[in-house]
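Okay, so here's the structure we're looking at.
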Amino acid sequence: MNLVIGTVGLVERAAELNLLDIGLALGALRRSNAWISKSLIDEALQRHARKVAALTAKNAEITKKRLVFLWSLRSLRSLRLIPQPALRLRLNRRTRT
C-alpha cells in the first residue's frame, strides 16, 4: 500500500510522533518561499488541537482507572485478602510502565 501525503501532512505526522512543534514548523513553512494556503495550515492546526485534546482526555481516564485499581489493592491489603509480598509485586509492575 502506497500512501501519499503532502508537506503539511508530513508535518502533522511528525508532530503526532513528538518530533517537532507543529506551530513552529508550520510558521517556518509559511515564512518560506513555499506557497501554502492559510486555510490549509489553519485546518492542520485545528486537527492537531483536536487530537491533543482527545489524547489528554484518554490519558486522564487511564490515570483515573489506575488510581482506582491501586486504591482497591490497598483496600484489599488492609483487609488482609492479599498478602503483602503479592501487593508489593503488583505495585512495582505498575509503577515501572
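Here are a few things to note about the model shown:
- Scanning segment 1-23 for residues that are among the small types (G, A, S) and in a helix (DSSP H, G or I), we see that the one that is nearest to L55 (Cα to Cα) is A15.
- Qualifying residue in segment 76-92 (condition: among the hydrophobic types (A, V, I, L, M, F, W, C), modelled with pLDDT of 80 or more and more than 30 Å from G9 (Cβ to Cβ)): no
- Of all residues in segment 24-34 being touching a helix residue (DSSP H, G or I) at 6+ places or on another chain (Cβ under 8 Å) and loosely packed, with under 14 Cβ neighbours inside 10 Å, the one that is nearest to H48 (Cα to Cα): R30
- In segment 24-42, the residues that are among the aliphatic types (A, V, I, L, M), over 23 Å from the mean Cα position of the chain (by Cα) and in a helix (DSSP H, G or I): A28, L29, L40
- Subset of segment 37-74 (residues that are polar (S, T, N, Q) and touching a residue at least 24 places away in the same chain (Cβ under 8 Å)): none
- Of the criteria (1) part of a helix (DSSP H, G or I); (2) modelled with pLDDT under 85, which one L45 fails: (2)
- Apart from one condition, I62 fits all of (1) in a helix (DSSP H, G or I); (2) loosely packed, with under 11 Cβ neighbours inside 10 Å; (3) in contact with a Ser or Thr (Cβ under 8 Å, 6 or more places away or on another chain); the exception is (3).
The values are calculated or read from the model by the stated rules, or taken from the named source; none is laboratory data. Keep in mind that what you see is a predicted model, and the values were worked out from it rather than measured. Backbone-built Cβ (ideal geometry, glycine too); neighbour counts: all protein chains shown.
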